[in-house]
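Before any comments, here is the structure.
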Amino acid sequence: MIRISDMKSSARFLFIVFAWALAGGCATTTSEMAVITERPKAPTENATPRNQPAATAPAAPADTIQAGRFDGGKMWTFDNPPLAYFKEAYGLELSDQWFEVASRSALRFGENCSASFVSRRGLVMTNHHCARESITKVSRPGEALLDRGFYAPSLQEERKVEGLYVDQLLMITDVTDKVTDGIPDYQNDEEEADARERAIDALEERMTRDVKGQDTTRLVQIVSLYNGGKYSAYTFKRYSDVRLVVAPELLMGKFGGDPDNFTYPRYSLDMSFFRVYAPDGTPIETEYFFPWSTAGVTEGDPVFVVGNPGSTSRLNTVSQLEYERDYDLPQQLEVLTTFAGVMKTYLDAQGDTEEDSELRNAYYSLSNSIKAMEGQLAGLRDPVLMAKKRAAERDFQRAVAADSKLNEEYGRLLDDLQAVQSSKKATARQAGALTYYGSSIGSRILTRALYGYAYTLLKQRGASAETLDDLQKDAGELKDYPDEVERGLIVARLHQIEKYLGRNDPTLRGILQGMTPEALADSLVASSALADSAGFMAMLDGTYLSSKDVSVPVINALAPLYFTLGQQIGSFGDRESNLNAQLSRARFEVAGFNSPPDATFSLRLADGVVKSYPYNGTRAPIITTFYGVYDHYVTYGPKSEWDLPERWKRRPPTFDLSTPLNLVSTNDITGGNSGSPLLNKNLEVVGLIFDGNIESLPNEYVFSDDTARAISVDARGIIEALDEMYDADRIVLELTAGQMAATEQEADAIRAQ
């Protein structure tokens with residue numbers, strides 16, 4: 001369930017350091033950079049965006065639709081859990097110890113996913129789709145572990161994943177006053193945003209230095225909540241020795257592929273296990289972990305998700321959502337669909353090969369993001385959803401207007417935010433041309449050219465060696481694409497620029513130099529040293545722009561527009577960020593902290609129940625079983641998205657097809673929750689979150705659990721697969737009996753007793 005917003009943008013860091021040098025040390029913030037590199041912009045004025053009807057359906061009558069109690073969702077922070085609501089809804093009086101175990105047993109898995117400790121000896125559970133990159137990293141020549149799966153029959157054979165870490169939350173501290181005190185009111189939005197960012201960075205650095213004095217594995221992250229209305233310091237313990245233990249074959253981890261993505265009923269074994277090791281090379285011992293439930297769930301059972309949802313937009317105003325509906329999402333879909341098509345054409349021609357595993361991972365993430373965005377766009381085009389947002393704004397405006405002091409301070413906030421959306425349209429043409437330009441999913445040649453341009457000018461202007469080294473390191477992470485893919489991505493980008501800037505635009509003429517997009521792409525792929533990572537890094541020494549590389553005229557024409565536009569949009573972002581923070585403070589004064597903040601990839605607790613729902617003229621069951629796996633395989637056949645690995649085609653006679661495999665619940669989740677444990681009221685694992693259904697995608701903006709569902713791998717299905725299909729007795733023993741065995745033979749002997 002990883003979405004494009006979770007994917008790293010190479011150009012984000014690049015723009016920040018470049019802007020820093022140009023401004024003499026004053027850079028726009030990371031979040032602002034996302035506006036230009038990760039957020040698409042508007043189409044040309046008066047044009048109808050792709051898939052967007054010329055006229056949006058009118059909202060339902062205002063007097064029939066009202067804001068709901070849980071429109072803001074149920075992603076509760078651990079420092080402000082709704083204790084009275086939990087008692088009201090489930091009859092549960094949860095103790096401090098319950099919350100302590102819940103928060104410390106949960107983990108952040110790298111940069112994008114969630115996970116949890118599920119044994120005393122550091123066994124970690126997460127999704128297969130969160131583990132794909134790790135599986136590829138530890139796969140040795142000829143093994144193709146992504147396709148064949150992996151199981152370490154002994155502790156000694158568990159494989160360390162270089163660069164992978166998991167973070168365990170230890171403490172949350174409110175630091176709002178420490179961030180905001182001492183920051184004067186600025187007339188200039190950029191100065192105010194920069195001052196706030198400097199205050200956050202300084203506090204984060206100081207608090208991290210203090211906690212590292214106690215334990216070098218600790219770090220502090222300042223988390224902005226309620227759009228900057230509140231700031232909390234999250235203290236983590238980072239574990240850096242993480243080893244792969246078991247992962248199913250790709251066909252099982254993504255069973256059903258893109259057609260089944262964001263759907264239910266579902267039949268996916270989207271699970272993987274890792275283990276955390278201590279510095280002495282032995283598995284850690286932790287008192288915080290979630291024990292395994294073998295009893296499973298039934299309809300109506302209360303269940304909890306503890307994980308790190310990535311981002312939601314429930315606090316956004318109507319005008320902000322309208323801008324996203326009419327400009328952002330349609331353009332993101334246009335670019336991502338084109339990029340994914342380029343990759344798919346290549347992959348279909350090649351077939352599945354070990355060499356293309358990274359490209360396949362990128363394609364799967366793009367496909368996932370496209371489907372998610374389509375569902376979100378459908379939500380924003382739903383007049384009922386928008387009517388609920390308008391009703392909430394009317395209620396807020398009435399409350400502010402009724403208090404003269406509040407009205408004086410906050411009465412124009414919504415109008416001011418709407419004005420910012422209007423200002424964004426001024427950059428619509430240029431920004432539309434650069435949607436996702438420089439991101440980690442685009443052309444390597446064009447992105448490397450941007451790095452070369454920035455590096456050369458930074459060096460000429462006296463940037464520090466540390467800044468240049470960081471830029472080189474970031475640039476070096478770009479892996480090569482096959483020539484066919486590279487050519488297709490360049491052509492797609494050039495046509496995007498042509499569409500939005502027009503054929504006679506000076507920037508486009510400077511880029512093409514009289515050639516067609518196709519001819520220029522051919523020239524770049526055939527002749528540029530930037531097509532190869534080694535050749536590129538050799539040129540990244542400050543001499544790139546003076547070289548004769550065919551990419552230099554292209555980037556000399558393109559980069560000025562990119563960085564100038566970035567500064568313009570950054571100023572809009574500064575203004576919007578400051579207004580959002582003021583709006584949050586106004587909402588606090590009107591309604592307090594009754595609703596949780598938007599998701600920020602920080603630890604949350606989401607409550608719900610196991611519950612079926614109506615769909616397609618019938619009802620979706622709360623569980624599916626392994627029978628469905630084989631039914632789909634027989635129905636669609638080999639070489640389909642429902643194909644099976646060889647071991648599954650030769651299933652053992654003891655394998656119980658009636659075992660529950662997937663289940664649904666009403667928990668509030670989003671991207672970043674992938675890998676979160678699904679827990680019963682006793683904090684026992686009953687499932688593993690891996691997706692939401694298509695009906696849940698509009699929950700990005702307004703939460704509803706009428707038909708929206710979170711989808712998990714059932715804990716019973718995980719055990720059945722580990723035991724019968726993978727003969728992973730030592731992992732089954734550890735999960736069900738809490739006993740770690742060093743080898744498979746030792747586990748067999750213990751289980752035989």
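Screening region 301-410 for helices (runs of 4 or more DSSP H) wholly inside it with 2 or more residues that are without any contact (Cβ under 8 Å) to a residue 40 or more places away in the chain and open to solvent by 60 Å² or more (accessible area, probe 1.4 Å) returns the ranges 329-350, 383-401, 404-410. When we screen G462, G488, G510 for residues that are open to solvent by 10 Å² or more (accessible area, probe 1.4 Å) and assigned to a loop (DSSP other than H, G, I, E, B), the only hit is G462.
So that you can scan it fast, the table gives a plain yes or no per residue for (1) open to solvent by 30 Å² or more (accessible area, probe 1.4 Å); (2) at pLDDT 90 or above; (3) within 23 Å of T77 (Cα to Cα):
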{"position": "E190", "(1), (2), (3)": "yes, no, no"}
{"position": "D194", "(1), (2), (3)": "no, no, no"}
{"position": "I200", "(1), (2), (3)": "no, yes, yes"}
{"position": "L203", "(1), (2), (3)": "no, yes, yes"}
{"position": "R206", "(1), (2), (3)": "yes, yes, no"}
{"position": "R209", "(1), (2), (3)": "yes, yes, no"}
{"position": "I222", "(1), (2), (3)": "no, yes, yes"}
{"position": "K230", "(1), (2), (3)": "no, yes, yes"}
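One residue stands out among those in region 287-320 that are more than 28 Å from the chain's Cα centre (by Cα) and within 24 Å of Q97 (Cα to Cα): the one that is modelled with the lowest pLDDT, which is T294. If you go through region 147-158 and keep only what is open to solvent by less than 10 Å² (accessible area, probe 1.4 Å) and part of a helix (DSSP H, G or I), you end up with nothing. Contact annotation: residue pairs with Cβ atoms under 8 Å, 6 or more positions apart or on different chains, pairing a residue in region 91-104 that is touching a residue at least 60 places away in the same chain (Cβ under 8 Å) with a partner that is assigned to a helix (DSSP H, G or I), are L92/F86. Selection of region 159-188 for residues being open to solvent by 70 Å² or more (accessible area, probe 1.4 Å) and within 30 Å of L123 (Cα to Cα) yields K160, E162, M171.
Selection of region 276-297 for residues being open to solvent by 50 Å² or more (accessible area, probe 1.4 Å) and among the β-branched types (V, I, T) yields T282, T294. The listed residues are S595, S602, and the only one of them that is out of contact with any helix residue (DSSP H, G or I) (no Cβ under 9 Å at 6 or more places or on another chain) and at negative phi turns out to be S602. Looking across region 699-733, the residues that are within 23 Å of L663 (Cα to Cα), of a type in the set (D, E, K, R) and in contact (Cβ under 8 Å) with a residue 24 or more places away in the chain come down to E700, D705, D706, R709, D714, R716, E720, E724. Among the residues of region 525-547, those identified as of a type in the set (A, V, I, L, M, F, W, C), under 17 Å from A475 (Cβ atoms) and either open to solvent by 20 Å² or more (accessible area, probe 1.4 Å) or modelled with pLDDT of 95 or more (or both) are A529, L530, A531, A534, M537, A538, M539, L545. Applying the selection to region 599-623, what residues are part of a loop (DSSP other than H, G, I, E, B), in contact with a Gly (Cβ under 8 Å, 6 or more places away or on another chain) and open to solvent by less than 30 Å² (accessible area, probe 1.4 Å)? Matches in region 599-623: A599, L603.
Quick check: anything in region 653-660 at pLDDT below 95 and either within 22 Å of D301 (Cα to Cα) or surrounded by 21 or more Cβ atoms within 10 Å (Cβ to Cβ) (or both)? The answer is no, given that none of the residues of region 653-660 is at pLDDT below 95 and either within 22 Å of D301 (Cα to Cα) or surrounded by 21 or more Cβ atoms within 10 Å (Cβ to Cβ) (or both). Tell me which residues, restricted to region 211-264, are polar (S, T, N, Q), outside any strand (DSSP E or B) and in contact with a strand residue (DSSP E or B) (Cβ under 9 Å, 6 or more places away or on another chain). T217, S240, N261, T263, listed by residue number. Among the residues of region 241-255, those that are within 11 Å of D270 (Cα to Cα) and either at pLDDT below 95 or open to solvent by less than 10 Å² (accessible area, probe 1.4 Å) (or both) comprise A247, P248, E249, L250, M252, G253, F255. Residues in region 420-478 that are under 27 Å from Q320 (Cα atoms), of a type outside the set (S, T, Y), within 26 Å of the chain's Cα centre (by Cα) and modelled with pLDDT under 90: A428, A431, G432, G438, I441. Please specify each residue of region 669-696 satisfying the condition of being outside any loop (DSSP other than H, G, I, E, B), open to solvent by less than 10 Å² (accessible area, probe 1.4 Å) and in contact with a Lys or Arg (Cβ under 8 Å, 6 or more places away or on another chain). D691, G692 - these are the residues of region 669-696 that are outside any loop (DSSP other than H, G, I, E, B), open to solvent by less than 10 Å² (accessible area, probe 1.4 Å) and in contact with a Lys or Arg (Cβ under 8 Å, 6 or more places away or on another chain).
Per the conditions (1) over 27 Å from Y726 (Cα atoms); (2) open to solvent by 30 Å² or more (accessible area, probe 1.4 Å), the sole criterion not satisfied by D258 is (1).
Among residues of region 155-175 that are under 17 Å from T208 (Cβ atoms), those with a beta-carbon under 8 Å from a residue that is assigned to a loop (DSSP other than H, G, I, E, B) and of a type outside the set (S, T, N, Q) at least six positions away or on a different chain give the pairs Y165/G110; Q168/Y288; L169/F78; L169/L603; I172/F78; I172/D79. No other residue among T435, T427 is under 30 Å from E484 (Cα atoms) and in contact with a helix residue (DSSP H, G or I) (Cβ under 6 Å, 6 or more places away or on another chain) apart from T435.
The values are calculated or read from the model by the stated rules, or taken from the named source; none is laboratory data. All figures in this text were calculated on a predicted structure; none of them were measured in a lab. As a convention, Cβ positions derive from the backbone with ideal geometry for all residues, glycine included, and neighbour counts pool all protein chains shown. When the accessible area is computed, the model is the full protein with side chains, heavy atoms only, and any ligands, DNA or RNA have been set aside. Shrake-Rupley method; radii C 1.70, N 1.55, O 1.52, S 1.80 Å.
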